[in-house]
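The structure appears below as structure tokens.
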Amino acid sequence: MALSVCYSSFLSYLLLFVLLSHEASSISHHHHHELKSIHFTLFQHETINKTAYLIVNGVAGPAISQTTTPFGTLYVFQDPLTLKANSNSKIVGTAEGTSITSSLNGLQSISIAKITLMMNHYKGSISVVGGTHNTKPSNHPVVGGTGDFLFVQGYVTSSPVDLSGITVTYKIQFHLYWPPYAIPSHPK
């Protein structure tokens, strides 16, 4: 009798194991979807005391210039994004956020930005955060999105184009990917 109960329990566990392994193997097959992605470039135009303001002056380091700010400087911006490096080209979005100078040489900062896009096929915002170098390209991971960019992943590369004059221009390259469960509502 005890042997038949053990055998019956063994068969129940074996059946449960087979069913669970079959379910687990069928789930793993759903992870082989190709990611939807888009890659494009826009240009950010930042004008001192018009679209960008120094809120708190830092405590140490170089003086304020087109490329440097003292350590601890708090800076806010709401800059237009255009299709071309010319600031008079079509505006398709806005980059708004803040930077805090985080290096004693005044060239690096921690940046947080919400990039709102109003393009033909995509509308919504992308949130990025990361370290920015004022004179070299910087990659910023995408940490969230809204609208057509809900659940988007990827990174944005910011590169200085023109650092002379009162308006500075940055080339912003977008590398965006949607996981299989979050296809944009307006696929191109």
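The values are calculated or read from the model by the stated rules, or taken from the named source; none is laboratory data. Given the structure is predicted, the values throughout are model-derived calculations rather than measurements. For neighbour counting, all protein chains shown are included, and Cβ atoms are generated from backbone atoms with ideal geometry for every residue, glycine included. In case anyone asks, the SASA skips ligands and DNA or RNA and just uses the protein heavy atoms, side chains included. Shrake-Rupley method; radii C 1.70, N 1.55, O 1.52, S 1.80 Å.
In table form, for the structure just shown:
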| read-out | value |
| --- | --- |
| From the options Lys114, Lys136, residue that is out of contact with any Ser or Thr (no Cβ under 6 Å at 6 or more places or on another chain), touching a residue at least 12 places away in the same chain (Cβ under 8 Å) and of a type outside the set (A, V, I, L, M) | Lys136 |
| Members of segment 170-188 that are at pLDDT 95 or above, open to solvent by less than 20 Å² (accessible area, probe 1.4 Å) and not aromatic (Phe, Trp, Tyr) | Ile172, Leu176 |
| Selection count where residues are part of a strand (DSSP E or B) and either closer than 22 Å to Ser158 by Cα or modelled with pLDDT under 80 (or both), scope segment 31-46 | 10 |
| Condition met for Val128 (outside any loop (DSSP other than H, G, I, E, B), in contact with a His (Cβ under 6 Å, 6 or more places away or on another chain) and among the β-branched types (Val, Ile, Thr)) | yes |
| Residue that is open to solvent by 70 Å² or more (accessible area, probe 1.4 Å), charged (D, E, K, R) and not in a loop (DSSP other than H, G, I, E, B), where the choices are Lys136, Lys114 | Lys114 |
| Tally of residues being in a strand (DSSP E or B) and over 19 Å from Ala113 (Cα atoms) across segment 47-92 | 2 |
| Enumeration of residues in segment 98-124 that are of a type outside the set (Val, Ile, Thr), more than 16 Å from Phe43 (Cα to Cα) and within 14 Å of the chain's Cα centre (by Cα) | Ser111, Gly124 |
| Residue within segment 42-49 that is in contact with a His (Cβ under 8 Å, 6 or more places away or on another chain) and open to solvent by less than 50 Å² (accessible area, probe 1.4 Å) present | no |
